[in-house]
Amino acid sequence: MPEKKEIKGVIERISGSLVVAGGMEGASMQDVVHIGELGLVGEILEVNGDKASIQVYEETSGLMPGEPVVSMGEPLSVELGPGIIEQFYDGIQRPLELIEKAAKSHYISRGISVPAIDRSKKWNFNPKVKVGDDVIAGDILGVVQETVVVEHRIMVPYGVKGKVSKIEKGDHTVEDVIAVIDDNGTKYEVKMLQRWPVRKPRPVARRLPPNVPMTTGQRVVDAFFPVALGGTACVPGPFGSGKTVIQHQFAKWAQAQIVVYVGCGERGNEMTDVLLEFPELDDPQTGQPLMKRTTLIANTSNMPVAAREASVYTAITLAEYYRDMGYSVALMADSTSRWAEALREMSGRLEEMPGEEGYPAYLGTRLASFYERAGRCIVNGKEGREGSITVIGAVSPPGGDLSEPVTQNTLRVTKVFWGLDANLAYQRHFPAINWLNSYSLYTERLDPYWDEKFDDQWTSLRVEAMSLLEQEAQLNEVVRLVGIDALSRDERMVMETAKSLREDFLHQNAFHEIDTYASMDKQFKMLKTIVNFHHAGLDALHKNAPMNKLFNLPVREQIARMRYLEEKDIGQIDKLEDTIKEQINGIVPVGGDSNAA
Amino acid sequence: MLPREYRTISSISGPLMMVEKTSDVRFDELVEITLGNGEKRRGRVLEIEKDRALVQVFEGTSGIENEDTKVRFVGKVLTLPVSKDMLGRVFNGRGEPIDGGAPLIAEQNLDINGMPMNPFSRDFPSEFIQTGISTIDGLNPMVRGQKLPIFSASGLPHNRMAAQIARQATVISGHEDFAVVFAAMGITFEEASFFMEDFRRTGALQRTVLYINLADDPAIERISTPRIALTAAEYLAFECNMHVVVILTDLTNYCEALREISAARKEVPGRRGYPGYLYTDLATMYERAGRLKGKSGSITQIPILTMPEDDKTHPIPDLTGYITEGQIILSRSLHRQGIYPPVDVMPSLSRLKDKGIGKDKTREDHADLMNQLFAAYARGKEAKELAVILGEGALSDEDKAFAKFSSVFEDKYIRQGEYENRTIHETLQLGWDLLTMIPVKELKRIRDAYIEKYLKPLLNKGDA
């Protein structure tokens, strides 16, 4: 490792969150600096001769030209080790709880330095290797139980290999040496606490194709626009279309072992909501509170804008660390537009040539390199563990206009697009994901997975349901022009079924205790029942059954209430098949045949 | 520290001036400017480069010249003297009394920029506020600590509505210390006197603090007016444990002033010439609403803005909507039909509604009833549109029921008197009464148990 060098300069110019310091010869790009007597944290953005332009992660008011600037000769890094889960960090990984204690105030004051990971807490370290074992980077040296559900695996740091010459079982703090690795005479001491620069992706052994689904319990997503483990998805939508609720739903119900949630330039109350709600909610997979597998990063809109820029990198680096342990990690970023705005603001202060709508020209590459850090892969280490990071980014396009640069650049790199629709939101159809313009490039890749599980029925069901919704949209045009009576009986049936799909399947109430989550089994059964009714109904219409009676059969109310069945009772849905048959037979006139339509 | 006084103004442009050969100037500090004729003005440092400081003058730069004008750097940021005696007083946009009363004896001097609340220290808003307006209480319930703006447009009665909320707002759990902080930015004398008159007449003035920046006051002063008001609100809420409702009107004028400064600084503009940091700037104000752990007070914000050309995608309403917890949108078409308050129910939203309603807060059936009313009104409006094209005859019986429902809903539920204060139970009952017009089978958003409990008795009464 290169020697850390300290470089001292002085402030020359201050403009908002940008500070230019002189006398900074030898400082490198992206190094962390401490600014002024208060010791505010910043990062070097630009070096020009002996001048360095610095973005400051804290409020700069009160700074004065001539105050000192000290570079530590190290890039912005996060601390990695047990104690990350259940934490609530700000954008540069300072625990907000400790900030409150250090500041003795409900407000965030400046120049507070608190450790990201508790130095005094003792963890029970259980070795998985013994003295004399050969290890390479990424191998698991041992584990500690971080929370009830998360086993924290201590790995050999990147760039280290050799023979284990010492390993310490028992209670240790994160700064204790727990193992010594001997690489032909060079001894390397391993601690539980490790560091990693946030802007540098952590390496992996091999990347895998995204062909395993990540279920979310949200019917419109899982059934029609699924996301794969290691996939990337974006949720653009105007305000009030339910972006944040959807992100919360994913954080709650997504089938991931670890959840990293970053609130980037969003509302303070929303983060508080997550913080208060997650410890209370039970994870359907483990039965333990969701907080036991979650870490939160909050840089609310009123917190300094530069730290907002850093927060998504902090988040993805933490996600990569857990991926390297072999976990599936879901990262929710709400909202990447605020991050892009932070880029724009810094770019403006640096007086760079603006690109589209004032955003810097490198917006696209920055977004792409962020999303590329997602993926399913075999991580480093002899064992060949599999880990994944699934990134779901919310985008807040101004005025709901999807042609703006952030949305467009995001669409270029993400594979799933859940288009939120303000009109659906007005009708209180939630989640307000528009089924006609959303897409998922994983659908075809994931179909075989579900076909295997559901006796080869899945793909045909999904395709038929989607085509009914598509037909409805076209028929609606006709209805708008000439009225519903102009439709044929078959078309009326299509309209009825599509309505049932919309109201009884796609619509899902996030605040209803049962409806909020639906397992794939339940989703399959529900979809099958609705499509079954469609087939039986068409058949009955051909046999001259009266349309009004058919549409008002009592079983339809049961179909509408399927969503409120608890997971343990979903067997009842299967029985509906017989009920449908029975009731439809009851209205088909005796002797009616298919020629009578 | 030596008083640092300079006569070295090198350039003046718009609200900004450049002061040369300065030393030890701090970023963001307060500046006092004395003109040749003895007039005093104030400003703040916007940018420093070695020995030059860029100063923004709050009262505007007219009359400032570079010979006799003296500039003094005060060495601290702009502060506001606060005390509980502010209640009942009227101040100008800079926080100086203009009601002819005695100057305020300060308990504390607070930085008007405040500091960001630690999200960890926030307490989640969950107490229902009853405003007495059905479209808010029943459909978009507001809770203490929320920021819920009113998106209006020129010619709509947003001022009357804001005054009604300020007058009627209360919590159902009982009476507690309640205060209103009112900040006017660039509104006309007529509008300002409407509020003052209304507060005085209804006795609300003694629990109100007013900050008035009128349309003919310097535009730049508007940048500090809302911050001053929020600083006063923070003091009342978190030092004096009061529940404070802050009404800010009109945010559009504030943003115009911000754009003016940005243009004068020759910054790269974002959408429609507004600066790229408009979102962050608005957020530093809106996010000052909320509740804090261990404090009984709260700040609820009702910012009012007029949408240019009724356009919701204009940067000001758009960015506001992304920060605030919902929005109440006023509708010109309802206003034309003579319906007050003309709340456009469909696009209006309170994001915190689910936290403030339900059992023990309002009533168990509130959420389901609310969703059903929304859905039914939406369907009714759709049916009406259809009827316009195809004639009434083309509607199914159900659609006819919904269409009729939506008309009655507008007339009975949305419409109410300016001095009509409906309790939440009256509002809920009204909702159920209206739902009797719709076939029970269509009430899909309501749990069976509530239909049994609340709707069936009404239907049976009708049958009997």
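The values are calculated or read from the model by the stated rules, or taken from the named source; none is laboratory data. Given the structure is predicted, the values throughout are model-derived calculations rather than measurements. Counting neighbours? That spans all protein chains shown, and the Cβs are built from the backbone with ideal geometry, glycine included.
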Top-ranked residue of the stretch B:330-363 - restricted to ones that are within 14 Å of chain A (Cβ to nearest Cβ) and of a type in the set (Asp, Glu), ranked as nearest to B:Met307 (Cα to Cα)
B:Asp344
Residue check: is A:Pro284 within 14 Å of chain B (Cβ to nearest Cβ), surrounded by fewer than 23 Cβ atoms within 10 Å (Cβ to Cβ) and in contact with a helix residue (DSSP H, G or I) (Cβ under 8 Å, 6 or more places away or on another chain)?
no
Every residue in the stretch A:1-52 that is hydroxyl-bearing (Ser, Thr, Tyr) and under 18 Å from B:Glu47 (Cα atoms), please.
A:Ser15, A:Ser17
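Does the stretch B:315-329 hold any residues that are of a type in the set (A, V, I, L, M, F, W, C) and either in a strand (DSSP E or B) or more than 7 Å from every other protein chain (Cβ to nearest Cβ) (or both), and which are they? Break it down into steps so the answer makes sense when it comes.
Taking the stretch B:315-329 as the starting set, the residues that turn out to be of a type in the set (A, V, I, L, M, F, W, C) are B:316, B:319, B:323, B:328-329.
Result: B:Ile316, B:Leu319, B:Ile328, B:Ile329.
Considering only residues that are within 24 Å of the chain's Cα centre (by Cα) and either at pLDDT below 90 or of a type in the set (Asp, Glu) (or both), which ones fall in the stretch B:100-111?
Selection gives B:Asp111 alone.
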Just wondering, is there one or more residues in the stretch B:227-240 that are over 18 Å from the mean Cα position of the chain (by Cα) and within 10 Å of another protein chain (Cβ to nearest Cβ)?
yes
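For B:Pro141, state whether it is within 20 Å of the chain's Cα centre (by Cα), crowded, with 19+ Cβ neighbours inside 10 Å and either away from chain A (no Cβ under 11 Å) or without any contact (Cβ under 8 Å) to a residue 24 or more places away in the chain (or both).
Judged against the criteria, B:Pro141 is a match.
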Between B:Phe91, B:Phe27, which is within 12 Å of chain A (Cβ to nearest Cβ) and either at pLDDT 90 or above or surrounded by 14 or more Cβ atoms within 10 Å (Cβ to Cβ) (or both)?
B:Phe27
Of all the residues that make up the stretch A:274-310, how many are in a helix (DSSP H, G or I) and closer than 25 Å to A:Glu151 by Cα?
8
Single residue of the stretch B:251-295 satisfying the filter (facing another protein chain (nearest Cβ under 8 Å), free of Cβ contacts under 8 Å to residues at least 40 places away in the same chain and in contact with a Pro (Cβ under 8 Å, 6 or more places away or on another chain)) that is nearest to B:Asp123 (Cα to Cα):
B:Gly276
So which strands (runs of 3 or more DSSP E) stay within the stretch B:132-239 end to end and still have 3 or more residues that are farther than 30 Å from B:Asp354 by Cα?
B:178-187, B:208-214
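From the list A:Val245, A:Val262, pick out the single residue that is more than 21 Å from A:Gln508 (Cα to Cα) and modelled with pLDDT under 95.
Testing whether each residue is more than 21 Å from A:Gln508 (Cα to Cα) and modelled with pLDDT under 95 leaves just A:Val262.
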Contacts under 7 angstrom Cβ, first residue in the stretch A:48-67 being without any contact (Cβ under 8 Å) to a residue 60 or more places away in the chain and among the acidic types (Asp, Glu), partner surrounded by fewer than 22 Cβ atoms within 10 Å (Cβ to Cβ) and assigned to a strand (DSSP E or B), 6 or more apart
A:Asp50/A:Gly22; A:Glu67/A:Val10
Quick one: would you say B:Phe120 is among the aromatic types (Phe, Trp, Tyr), within 14 Å of chain A (Cβ to nearest Cβ) and surrounded by 15 or more Cβ atoms within 10 Å (Cβ to Cβ)?
yes
Filter the stretch A:344-382 down to residues that are among the polar types (S, T, N, Q) and part of a helix (DSSP H, G or I) and give me whichever is modelled with the lowest pLDDT.
A:Ser347
So how many residues does the stretch A:257-273 have that are crowded, with 24+ Cβ neighbours inside 10 Å and part of a loop (DSSP other than H, G, I, E, B)?
3
